[in-house]
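Below you'll find the structure, written out as structure tokens, and then a few comments.
The values are calculated or read from the model by the stated rules, or taken from the named source; none is laboratory data. Model, not experiment: these values are computed from the prediction. Here the Cβ is made from the backbone with ideal geometry for all residues, glycine too, and neighbour counts use every protein chain on show. Accessible surface is based on the protein model in full, side chains and every heavy atom, while ligands, DNA and RNA are left aside. Shrake-Rupley method; radii C 1.70, N 1.55, O 1.52, S 1.80 Å.
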Amino acid sequence: MTDEACAISDLDNILKRFGIGASALVGAGAEAQVFALNDASVLRVNRAGTLEADASSRIVLLNRLGSRSNRASFDIPRVRDFGFESGLYFTVEDRLSGIPVSDALVRLAGTGRHRLVHEYLEASLQLGELLSGETEYGELARDGAIRNSCFKTFLRVRAQESLRVRGLRIDVDRIVDAIEEPDQPKLVHLGYCPSNVLCADGRITAVLDFGGTTIAGNSQFNPIIAAAFLNPSITPAAGEKDQLQARGWLRERGLLETGFMVQKWLAAYWSFCGEDEDLPLYHWCLDILQTH
Ligand SMILES: Nc1ncnc2c1ncn2[C@@H]1O[C@H](COP(=O)(O)OP(=O)(O)O)[C@@H](O)[C@H]1O
Ligand SMILES: [Mg+2]
């Protein structure tokens, strides 16, 4: 039996146990497939090969952030149950309302689109407050997490780890020297992008995908990440106009210059995805690292 055929039957086993079929799928990403159990809950099945440490640290992180979720105007995933069956890790989570901003953008134009892009950008400003009591900088939910009492040291070590994946030779010190050391660690969601943010009626309803790409760092990163992911080459639903809007929004907040070097660090960080060199995100990384 091929790996793929094996993975399909393993997934079927879990779905059967929960009394649902593949048609209950409500969304999928690189890490997991998500199925509706009923109006109130979903079953999130991690893809084959997920490490136990990654699956469990995501749950621990979400529980931790859950105690601060009243600080945000949007919901974040809430885990009610978890398990391991047929070789796959799964969680039962509250069902969140809304559709991905990336899907909404495909259908929206004019002022409705402008407003949604604005809401998406603004919501990123709330992320920092989801974390409290953290004394170190670095990864919050990853097997072999890189952490340090100095944010810049974390940035340097983490970028170097990613760049090694494809043997990219980049002057990381020059990038990190230009980034500000914050007063205290705040939550930074390195995967805050239109496909990980849900919306309904022009409002942001939820932010997803906390886990391996969630760090304690400088909260200024969040709006810069939000803006960076409006690049059409990595978010096809976004257009040039959305990107211009994001740039203007960053400028109004005095983040355009900082954003330049933070974006370079992001490109160095995300270059680990170059394991699959055809990925548009990897091409974006090369573009940002080489041509600016
Ligand atoms: N709790 C939820 N309620 C409703 N839909 C969800 C929920 N969690 C995820 N989804 C849907 O599933 C998709 C993939 O989920 P996500 O957690 O982002 O997985 P991945 O980590 O693989 O990207 C999301 O884009 C969203 O459409
Ligand atoms: Mg996702």
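Does region 48-71 contain any residue that is open to solvent by 70 Å² or more (accessible area, probe 1.4 Å), within 16 Å of ligand 2 (Cβ to nearest atom), assigned to a loop (DSSP other than H, G, I, E, B) and closer than 28 Å to GLU139 by Cα? No, the conditions are met nowhere in region 48-71. In region 172-183, which residues are in contact with a strand residue (DSSP E or B) (Cβ under 9 Å, 6 or more places away or on another chain) and either within 16 Å of ligand 1 (Cβ to nearest atom) or free of Cβ contacts under 8 Å to residues at least 24 places away in the same chain (or both)? Passing the criteria: none in range.
Among the candidates VAL45, VAL117, single out the residue that is touching a residue at least 40 places away in the same chain (Cβ under 8 Å), within 16 Å of ligand 2 (Cβ to nearest atom) and either in a strand (DSSP E or B) or assigned by TED's automatic domain parsing to the domain that holds ALA238 (or both). Step through it out loud before you land on a result.
Values: VAL117 fails: within 16 Å of ligand 2 (Cβ to nearest atom).
Result of the check over VAL45, VAL117: VAL45.
For ASP39, state whether it is over 30 Å from ALA216 (Cβ atoms), part of a loop (DSSP other than H, G, I, E, B) and out of contact with any Phe, Trp or Tyr (no Cβ under 7 Å at 6 or more places or on another chain). Lay out the reasoning, then the answer.
Working: over 30 Å from ALA216 (Cβ atoms): yes; part of a loop (DSSP other than H, G, I, E, B): yes; out of contact with any Phe, Trp or Tyr (no Cβ under 7 Å at 6 or more places or on another chain): yes.
Criteria met by ASP39.
Exactly one residue among GLY274, GLY248 is assigned to a helix (DSSP H, G or I) and modelled with pLDDT under 95, and that residue is GLY274. Of the residues making up region 56-80, those that are in contact with a Phe, Trp or Tyr (Cβ under 9 Å, 6 or more places away or on another chain) and free of Cβ contacts under 8 Å to residues at least 60 places away in the same chain are SER56, ILE59. Counting the residues of region 72-107 that are more than 10 Å from ligand 1 (Cβ to nearest atom), part of a helix (DSSP H, G or I), open to solvent by 40 Å² or more (accessible area, probe 1.4 Å) and not β-branched (Val, Ile, Thr) gives 1.
When you scan region 134-144, do you find a residue that is surrounded by fewer than 21 Cβ atoms within 10 Å (Cβ to Cβ) and aliphatic (A, V, I, L, M), even just one? Checked region 134-144: no residue is surrounded by fewer than 21 Cβ atoms within 10 Å (Cβ to Cβ) and aliphatic (A, V, I, L, M). Which members of region 159-197 meet the condition of being part of a loop (DSSP other than H, G, I, E, B) and open to solvent by less than 70 Å² (accessible area, probe 1.4 Å)? Matches in region 159-197: GLY167, LEU168, ILE170, ALA178, ILE179, GLU181, PRO182, PRO185, LEU190, GLY191, TYR192, CYS193.
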